[in-house]
Amino acid sequence: MIALCSAVAEGASADWTALFLVRERGVPESLAAAGYSVFSIAMAVTRLCGERVERRWGAYRMLAFGASLAAVGLLAAVTVPVPVVAYVGFAFAGVGLAFSFPVTMDLAGAAGRRADGTGGEREIGFVTSIAYAGFLGGPPLLGQLAQWSGLGFALGAAAVIAALIVPGVILVIRARRRECAPPAVGAPTM
């Protein structure tokens, strides 16, 4: 779920940013292309700091905070009718979504890792397939939504999809706690 939501929000932000700036904010095409650049550069610079941030905050906090930041950035971009706010919002989206894919892949591999340190390949392949389905299918679906209701509404939907990462993280934390909890006293063992 986390990988899918991340991929849809990232793909929509990358594919529809410039068109949104032209159609909804009246920015000239030459400057609208910078919207995609702002998103991409923010994402790239943030990924360079990823390991340090993950060591300090932990994977789950980083995912939840990033998703919240991305959702706020996308919502600001589509609700505040000022081009500068849209650029800042897309930068926030890039920063917020930067860790989602790599951290989710790392967590997927860890979920399948055996005691000897091997394993996890199937889990990474499964999560990667889901994520790429989101990258490939999400932007066209949001484009269709934009045809019906406007590009601002469709990017607002991408913000909601990014925000869905937070409950996904909470569900993963709860599942991990159940897996690691010692069996109850008197519980049958296998």
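The values are calculated or read from the model by the stated rules, or taken from the named source; none is laboratory data. All values derive from a computational prediction rather than experimental measurement. A quick note on method: Cβ atoms are made from the backbone with ideal geometry, for glycine too, and the neighbour counts reach across all protein chains shown. Please note that ligands, DNA and RNA were not included when accessible areas were found on the heavy atoms of the full protein model with its side chains. Shrake-Rupley method; radii C 1.70, N 1.55, O 1.52, S 1.80 Å.
Select from the stretch 1-23 the residues that are charged (D, E, K, R) and within 19 Å of the chain's Cα centre (by Cα) and write down the one among them that is modelled with the highest pLDDT.
Of the residues in the stretch 1-23, the ones charged (D, E, K, R) are 10, 15, 23.
Applying the additional criterion that residues be within 19 Å of the chain's Cα centre (by Cα) yields 10, 15.
Numbers: Glu10: 94, Asp15: 90.
If we take residues in the stretch 1-23 being charged (D, E, K, R) and within 19 Å of the chain's Cα centre (by Cα), then Glu10 is modelled with the highest pLDDT.
Exactly one condition in (1) open to solvent by less than 60 Å² (accessible area, probe 1.4 Å); (2) within 13 Å of the chain's Cα centre (by Cα); (3) over 12 Å from Ala3 (Cβ atoms) is not met by Val160; state its number.
For Val160, the exception is condition (1).
Could you give me the residue pairs with C-beta distances under 6 Å whose first residue belongs to the stretch 50-67 and is open to solvent by less than 50 Å² (accessible area, probe 1.4 Å), whose second residue is of a type outside the set (Ser, Thr, Tyr) and not in a helix (DSSP H, G or I) wherever it lies, and which are 6+ apart or on separate chains?
Within 6 Å, the pairs are Gly50/Phe99; Met62/Phe99; Gly66/Phe99.
Of the residues Gly96, Gly119, Gly112, which is under 30 Å from Leu21 (Cα atoms) and of a type outside the set (A, V, I, L, M, F, W, C)? Quick ask: steps written out before the conclusion?
Values: Gly119 fails: under 30 Å from Leu21 (Cα atoms); Gly112 fails: under 30 Å from Leu21 (Cα atoms).
Every option except Gly96 fails the conditions.
Test Ala91 against the criterion of being over 16 Å from the mean Cα position of the chain (by Cα) and part of a helix (DSSP H, G or I), and give yes or no. Before you say what the answer is, go through the steps one by one.
Numbers: over 16 Å from the mean Cα position of the chain (by Cα): no; part of a helix (DSSP H, G or I): yes.
Criteria not met by Ala91.
Does Gly137 satisfy being farther than 22 Å from Leu171 by Cβ, within 17 Å of the chain's Cα centre (by Cα) and assigned to a helix (DSSP H, G or I)? Write out each step before concluding.
Numbers: farther than 22 Å from Leu171 by Cβ: yes; within 17 Å of the chain's Cα centre (by Cα): yes; assigned to a helix (DSSP H, G or I): yes.
For Gly137, the condition - farther than 22 Å from Leu171 by Cβ, within 17 Å of the chain's Cα centre (by Cα) and assigned to a helix (DSSP H, G or I) - is met.
Among (1) under 14 Å from the mean Cα position of the chain (by Cα); (2) at pLDDT 95 or above; (3) open to solvent by 50 Å² or more (accessible area, probe 1.4 Å), there is one condition Ile41 misses while meeting the rest; what is its number?
(1)
Quick check, is Leu75 surrounded by fewer than 23 Cβ atoms within 10 Å (Cβ to Cβ) and either outside any helix (DSSP H, G or I) or touching a residue at least 40 places away in the same chain (Cβ under 8 Å) (or both)? Outline the logic, then answer.
On the way: surrounded by fewer than 23 Cβ atoms within 10 Å (Cβ to Cβ): yes; either outside any helix (DSSP H, G or I) or touching a residue at least 40 places away in the same chain (Cβ under 8 Å) (or both): yes.
So Leu75 fits the description; yes.
Among the candidates Gly35, Gly26, single out the residue that is more than 16 Å from the chain's Cα centre (by Cα) and open to solvent by 30 Å² or more (accessible area, probe 1.4 Å).
Working: Gly35 fails: open to solvent by 30 Å² or more (accessible area, probe 1.4 Å).
Testing whether each residue is more than 16 Å from the chain's Cα centre (by Cα) and open to solvent by 30 Å² or more (accessible area, probe 1.4 Å) leaves just Gly26.
State the number of residues belonging to the stretch 4-22 that are in contact with a helix residue (DSSP H, G or I) (Cβ under 6 Å, 6 or more places away or on another chain) and surrounded by fewer than 21 Cβ atoms within 10 Å (Cβ to Cβ).
Qualifying residue count for the region: 3.
Looking at the stretch 94-108, can you tell me whether even one residue there is at pLDDT 95 or above, open to solvent by 10 Å² or more (accessible area, probe 1.4 Å) and assigned to a helix (DSSP H, G or I)?
Within the stretch 94-108, one or more residues are at pLDDT 95 or above, open to solvent by 10 Å² or more (accessible area, probe 1.4 Å) and assigned to a helix (DSSP H, G or I).
Applying the selection to the stretch 109-132, what residues are polar (S, T, N, Q) and modelled with pLDDT of 90 or more? Break it down stepwise before answering.
Step one: list which residues in the stretch 109-132 are polar (S, T, N, Q), which gives 118, 128-129.
Residues satisfying the conditions are Thr128, Ser129.
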